Amino acid sequence: MKLRITYLRLLIATLVILGGVGAFAALRKTTADVPVPTPTVILPVADKVQLLILKELTNLLHSMDTLTVVTITGSLKAQDLADSSNTLQTDFCYSRQGNIAYYRMGLNEMISLSNAYISVSHDMKKIYLSGPKEVVNPMRLTAGVEAGLLGKEGYKVSRGKKGVLNEISLESNTHGSCREYHVLFDSTGLIRQTDMRITDPQMPMDKERDKFIHMSISSWQFGKVRTELLRMDRYITLVDGNPIPAPSLKGYELIRED
């Protein structure tokens, strides 16, 4: 699996967030240190019907803002058209209780506690320890992503059905960050699937270098928390006040970060 850990962390934070409004700016920075020139394009503005669909989409995503006691599980697939070997297929778990939370994607775990932030890379056998960080809900909509703003991104916006699920689609072959975004949700408003087609930040006009990201949510458990995953001693123990890897992670390198 060639996808970098930093890319995996980014995917967690962008599971249901649209490109073109800042969400993929971080991705662009991780892959290039120089700005990428983008041709000036006059983008069409969404009409009233499309704006109503975008309003429904933003309301749907904003409804996730208040999820503070929940466990979500599912799977993620990523495919790079420019490199058939650069693929990712893994499951994920997100469990949150108030201001503490746990993320797992494949062989990587991230634990945000009240007094520490821990990241475990099982494939590299490394534990990263730093001070506490704000818990970010991966299902939360990025600030500023509103219907009016999205309506100026040049997307063709549509709403339909895919089997028993409702589907909202945004499509634009000329978009510089995200050509397609599809979100599928059930009759209760729970997101069940998202699909994105994002561009290569180095060559955004070359469709043969696009990447596909597919996320499927298999379980929403409201009011339930994986408390065993939110214990610091599962990852780190203290010896004379100094942190060392927990017995289950013996042999891992502990790296302290500022």
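The values are calculated or read from the model by the stated rules, or taken from the named source; none is laboratory data. On a predicted model such as this, the values are computed, not experimentally measured, just so you know. Don't worry about glycine lacking a Cβ; one is built from the backbone with ideal geometry, like all the others, and counts go over all protein chains shown.
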Check your understanding: Would you say V164 is free of Cβ contacts under 8 Å to residues at least 24 places away in the same chain, under 23 Å from H214 (Cα atoms) and aliphatic (A, V, I, L, M)?
Key -> yes
**Study point:** Filtered residues of the stretch 215-231 (kept if assigned to a loop (DSSP other than H, G, I, E, B) and crowded, with 18+ Cβ neighbours inside 10 Å)
**Key:** V225
Check your understanding: Pairs, please: C-beta under 6 Å, at least 6 apart or cross-chain, first residue in contact (Cβ under 8 Å) with a residue 60 or more places away in the chain and in the stretch 46-64, second charged (D, E, K, R)?
Key -> I53/R159; T58/E146; M64/R140
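Within the stretch 211-224, does at least one residue satisfy the condition of being touching a strand residue (DSSP E or B) at 6+ places or on another chain (Cβ under 8 Å) and over 30 Å from Y117 (Cβ atoms)?
If we filter the stretch 211-224 for residues that are touching a strand residue (DSSP E or B) at 6+ places or on another chain (Cβ under 8 Å), which is where we start, we get 211-224.
Then keep just the ones that are over 30 Å from Y117 (Cβ atoms); that gives 212.
Yes: one or more hits.
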Check your understanding: Hey, among the residues in the stretch 232-258 that are surrounded by 11 or more Cβ atoms within 10 Å (Cβ to Cβ) and either of a type in the set (A, V, I, L, M) or touching a helix residue (DSSP H, G or I) at 6+ places or on another chain (Cβ under 6 Å) (or both), which one's nearest to A101 (Cα to Cα)?
Key -> M232
Point to revise | Those strands (runs of 3 or more DSSP E) lying entirely in the stretch 90-134 with at least 2 residues touching a His at 6+ places or on another chain (Cβ under 8 Å) | key: 108-112
Exercise for review: Answer yes or no as to whether T38 is under 22 Å from E153 (Cβ atoms), hydroxyl-bearing (S, T, Y) and modelled with pLDDT under 80.
Suggested key: yes
